[in-house]
Amino acid sequence: MRVRDLRKASAQILGTLGVDPDAGHDEIIHAVEEFCGKPLLIEESRLAVGTFGAWAEHDEFNLVLYSRGVLPHHRDTIIGHEIGHVIRSHGSPGSDGGVDVSALLAPSLDPQLVRRLLSRCSYSDDEEIIVEMFGTMMSMHRAWRPSTKRPKRIRGAAEIVARIEQALVL
């Protein structure tokens, strides 16, 4: 895919949601939730070295994790990148997007899940380049600053975050 096409695909992610390009963080999060039909939780997490973000899809919510201790600009890029996966993957199971939470809760990891996570560490794939461009665009957007409101809490989410951390921390 040519760079111009990659940029266009990245810019179209917000268009998929039907939000104004100048929309703020809360408006974008709300639009993602409406688009997917379920809440979007964004949590700081303890991830393996070199893993800065992850998206886990659950039946009741989407969970975006970002690595503890990253600088604010990098955090915003990571969150935008993972949200790009949520939007482009439309929450479809087995897609290139979300971590299959059920596999993480199982006693052993599915080798296909491990391959999918490892493939997301490379930028040879157009999908990764598109969502990385989207994440970078969002982090540079003046209105894309996380809300200072208390984050949503969904029963059971903390346990899932802990299990994902346990599975992904090497």
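Does Ala9 count as open to solvent by less than 20 Å² (accessible area, probe 1.4 Å) and either more than 15 Å from Val86 (Cα to Cα) or not in a helix (DSSP H, G or I) (or both)?
Judged against the criteria, Ala9 is not a match.
Can we say Val49 is among the β-branched types (Val, Ile, Thr) and at pLDDT 80 or above?
no
In region 29-42, which residues are assigned to a strand (DSSP E or B) and either within 17 Å of Met138 (Cβ to Cβ) or open to solvent by 40 Å² or more (accessible area, probe 1.4 Å) (or both)?
Scanning region 29-42 gives Leu40, Ile42.
Residue by residue through region 48-58, note down the ones that are open to solvent by less than 20 Å² (accessible area, probe 1.4 Å) and either over 20 Å from Val131 (Cα atoms) or part of a loop (DSSP other than H, G, I, E, B) (or both).
Listed by number, the list holds a single entry, Ala48.
I need every pair where a residue in region 47-61 that is over 15 Å from Ile154 (Cβ atoms) and among the aliphatic types (A, V, I, L, M) has its Cβ under 7 Å from the Cβ of a residue that is open to solvent by less than 40 Å² (accessible area, probe 1.4 Å) and modelled with pLDDT under 85, sequence separation at least 6 or different chains.
Pairs found: Leu47/Glu165; Leu47/Leu168; Ala48/Leu168; Ala54/Leu47; Ala54/Val99; Ala54/Ile164; Ala54/Leu168.
What number of residues within region 59-104 satisfy the criterion of being surrounded by 22 or more Cβ atoms within 10 Å (Cβ to Cβ), at pLDDT 80 or above and not β-branched (Val, Ile, Thr)?
Counting residues in region 59-104 that are surrounded by 22 or more Cβ atoms within 10 Å (Cβ to Cβ), at pLDDT 80 or above and not β-branched (Val, Ile, Thr) gives 10.
Write out, first by first residue and then by second, each pair whose Cβ atoms fall under 7 Å of each other, whose residues are 6+ apart or on separate chains, and whose first residue, in region 123-136, is closer than 24 Å to Ile29 by Cα while the second is outside any helix (DSSP H, G or I) and modelled with pLDDT of 85 or more.
none
Is it fair to say Gly69 is more than 13 Å from the chain's Cα centre (by Cα), assigned to a loop (DSSP other than H, G, I, E, B), without any contact (Cβ under 8 Å) to a residue 12 or more places away in the chain and over 16 Å from Met140 (Cα atoms)?
yes
The values are calculated or read from the model by the stated rules, or taken from the named source; none is laboratory data. All of these numbers come straight from a predicted model, not from anything done at the bench. Cβ sites come from the backbone with ideal geometry, for glycine too, and all protein chains shown count toward neighbours. Ligands, DNA and RNA are excluded from the accessible area calculation, which covers all protein heavy atoms including side chains. Shrake-Rupley method; radii C 1.70, N 1.55, O 1.52, S 1.80 Å.
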